[in-house]
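The values are calculated or read from the model by the stated rules, or taken from the named source; none is laboratory data. The model shown is predicted, which means the values in this text are computed figures rather than measured ones. All Cβ positions, even for glycine, are placed from backbone atoms using ideal geometry, and neighbour counts span all protein chains on display.
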Amino acid sequence: MADLQKENLDKLVRPILRNLNSKSEDMEASAVMSRDGLSIASVLGEGVDPDRLGAMCAALLGLADRTADELERGDLKLVLLHGSKGVLLLVHVGTTHVLALAAKPKINLGMVLLEAKKTAEMLASTLNV
């Protein structure tokens, strides 16, 4: 039963992720996972394990949430990692899920933030979270 539910969620979510990735040739990959790191759906590059990515993103979010609390920054909305080979953006989807988006370093960050926010809202509606 759980496999059927995951398959149905994948069919609903993957087209939304494909649409996000198509917004710019600089967007490389995207994924949706639960806050505890379980992969829901993904459109990733060759050799990227969605389960491993989910676990790493969950760990990052856990630390970021605690840091935001410690520094009294309010509810965490997103995490941005900016490295020499690109960016990773983690955005809350409701209270139970997360959107991860990887892009090339030359991408327009404003556009990425805008598209990620729109996509997170669409995913929250789709997932009813």
Quick one: how many residues across the stretch 60-107 are part of a strand (DSSP E or B), over 21 Å from I16 (Cβ atoms) and among the small types (G, A, S)? 2
Does the stretch 66-89 include one or more residues that are modelled with pLDDT under 95, crowded, with 19+ Cβ neighbours inside 10 Å, under 22 Å from E121 (Cβ atoms) and touching a strand residue (DSSP E or B) at 6+ places or on another chain (Cβ under 7 Å)? no
